[in-house]
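What follows is a single structure, written as structure tokens, with notes after it.
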Amino acid sequence: KLAGDVQIPFTTSTDTETPQASLAPNDGAANVAPGSRVVVVFDAPMDPATLREDTVLVTDDVGTPLPGSRTLTGGDRILTFTPTVPFANLTYYRTRVVGGSSGARRLSGNWFPTDRTARFRTGTTPDAQAPSVAATLNGIATSRNASLVLPPSGFTIDVTTSDAGQWIDASSFEVSLSGSAPGPDPATLLAVGTLGYGTLNVTVPAGTLLADGAWTLTVRVRDLTGNLGTSSPLSFTVATP
């Protein structure tokens, strides 16, 4: 017989999926610039309290954690680790996202069934090359984007990048819409975007309607060492149907 009532709290959720994560540098990467950061992109908002130093680790090749700073951006989906001391040349390092009930979790409480890991090796040459950045609207090819007319929301912004063997810092995507009135800020657009390795796809949300008139889209993004790339400005017109 229990001496008193036992209460066990729990939370319900409609989320039936397990989390996913992409790690940059990815597993098997070589010639990583020694001045790089490490970025983990989750596929859904995470519980910040579960993204600790013992659940998302950057270590040397034998598992010793490295000192560094962490930031969580992109609607709690992008964790960036900046080492206190730059990575050594020609050295292996590891990134690990801990799975299981005591590991990293979505806001819904769902966890990774197994650890997500990456092992990468640095090179000897600093990265001085900026990434290339291309942006389109509604998937319309660059050759056909003259005199575009779009609705106030619901259209897509599609960004692709490349960086000659290095990796994009997903937390640095900055989608800027400038026009006759304020539009959604870059942080809002990043938070609702879908991220891939060097790609970003955003549907302009209905809650942030663009005013009728002339607009310009510009996208900026950095690689893991901080080099900045900028897309060519893309002009378009917004007209309410």
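Just so it is clear, none of the values below were taken in a lab; they were calculated from the coordinates. Owing to the predicted nature of the structure, the values given are computational and were not obtained by experimental measurement. For neighbour counting, all protein chains shown are included, and Cβ atoms are generated from backbone atoms with ideal geometry for every residue, glycine included.
Per q in 0.11, 0.13 Å⁻¹, report the Debye log10 I(q)/I(0) for region 81-175, using one uniform scatterer on each alpha carbon and no solvent.
-0.62, -0.80
Any chance you could run the full-extension gain for D43 through T216? It's 0.36 nm times the residue separation minus the Cα-Cα distance, nm to one decimal.
Gain in length upon complete extension: 59.4 nm.
Could you give P(r) for region 186-241, binned at 5 Å from zero, as whole percent values over all Cα-Cα pairs?
P(r) over region 186-241, rounded to whole percents: 4, 14, 20, 26, 19, 9, 5, 1, 0.
Averaged across orientations, what area in nm² does the convex hull of the alpha carbons in region 8-110 project?
7.3 nm²
Who wins for biggest fluctuation among L224, L66, L195 in a Gaussian network model of the chain, springs between alpha carbons below 10 Å?
Among L224, L66, L195, the largest GNM mean-square fluctuation belongs to L66.
Apply the a/c threshold of 1.5 to the C-alpha gyration tensor of region 134-241 and tell me whether it is rounded, prolate or oblate.
Because a/c hits 1.5 or more and a/b exceeds b/c, region 134-241 counts as prolate.
Work out, step by step, the length gained on full extension between S13 and E174: first 0.36 nm times the residue separation, then minus their alpha carbon distance; give nm to one decimal.
Working it through step by step, the gained length comes to 54.8 nm.
Percent relative contact order of the chain, based on C-alpha pairs within less than 8 angstrom and at least six residues apart?
Dividing the mean separation by the residue count of the chain yields 21 percent.
Sort out for me the Cα centre separation of region 160-194 from region 1-72, rounded to whole Å.
23 Å
Evaluate E = 1/(1 + (r/R0)^6) for V85 and S153, where r is the Cβ-Cβ distance and R0 equals 45 Å; express this FRET efficiency to the nearest 0.05.
Between V85 and S153 the formula returns 0.50.
Sort 213-219, 35-41, 141-147 for me by packing, meaning the mean count of neighbouring Cβ atoms within 10 Å per residue, highest on top.
Per-residue mean Cβ counts within 10 Å order the peptides as 35-41, 213-219, 141-147.
Go ahead and set up a Gaussian network model of the chain, Cα springs under 10 Å, then flag whichever of T156, T64, T16 fluctuates most.
The residue with the greatest mean-square fluctuation here is T16.
Please work out which option in (i) 1.66; (ii) 1.03; (iii) 1.05 gives Rg/Rh (Cα atoms, Kirkwood Rh) calculated from these coordinates, and answer with its label.
So the structure-derived entry is (iii).
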